[in-house]
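Engineer: Take a look at the following structure, please.
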Amino acid sequence: MTNITSDKRHFHRIFYNADITLSNESTIINCKLIDISLKGCLLRFDTDWSEPLEDLYTLSLTLSDEVSITMQASVAHVISTDVGFKCEHIDIDSISQLRRLVELNLGDSHLLERDLIALSDLSTFE
């Protein structure tokens, strides 16, 4: 019997160390970005996650003085201080910046194209 582990991810994750501001209607939290993709991100907090799981959060990532990415996201999973978020909405400027960030870090436009196709395929089912 063989044990084959398959990665079911549809999107390439970019490991990118940066500070993020996460907010909802009542809270602003600073945290660290662990990785990001076209569909969401993984964030690390200083303490275990205790915020509401059902809230919609605004994530703000500043790449430079002129470039930032902002998205609305929901909690996908929690493991202690690491929390995965699913992108629920992103504006055209932010998705353009995120696309460029992914493209630069992948170094392969074919991999980016695959991610974009997966994103469009998923959106038809949601």
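Engineer: How much length, in nm to one decimal, is gained on full extension between residue 86 and residue 105, taken as 0.36 nm per residue of separation minus their Cα-Cα distance? All intermediate terms of the calculation are to be shown ahead of the outcome.
Structural biologist: Values: separation 19, 0.36 × 19 = 6.84 nm, distance 2.03 nm.
Extending this stretch completely gives an extra 4.8 nm.
Engineer: What is the spin-label model distance, in nm, from residue 24 to residue 76 if the labels are put 7 Å beyond Cα along the C-beta direction?
Structural biologist: In this crude label model, residue 24 to residue 76 measures out at 1.8 nm.
Engineer: Give the long-range amide H neighbours of residue 37: residues separated by 5 or more places, or on another chain, with amide H under 5 Å away, using H modelled in the peptide plane at 1.01 Å from N.
Structural biologist: So residue 37 has HN proximity to 14.
Engineer: Whole-Hz ³J(HN,Hα) for each residue in region 55-64, computed from phi via Karplus 6.51 cos²θ - 1.76 cosθ + 1.60 with θ = phi - 60°, x for glycine and proline: what do you get?
Structural biologist: 3J(HN,Hα) across region 55-64, in whole Hz: 6, 9, 10, 9, 9, 10, 10, 9, 8, 7.
Engineer: Each residue of region 65-79 in turn: what ³J(HN,Hα) in whole Hz from Karplus with 6.51, -1.76, 1.60 and θ = phi - 60°, glycine and Pro shown as x?
Structural biologist: 4, 9, 10, 9, 10, 10, 9, 8, 9, 10, 6, 9, 7, 10, 10
Engineer: For region 32-47 and region 64-95, what is the separation of their Cα centres, given in Å?
Structural biologist: After rounding, the separation between the Cα centres reads 8 Å.
Just so you know, all these numbers are worked out from the coordinates, no wet-lab data involved. These figures come from a predicted structure and were not determined experimentally. Heads up, the Cβs are rebuilt from the backbone with ideal geometry, glycines too, and the neighbour counts pull from every protein chain shown.
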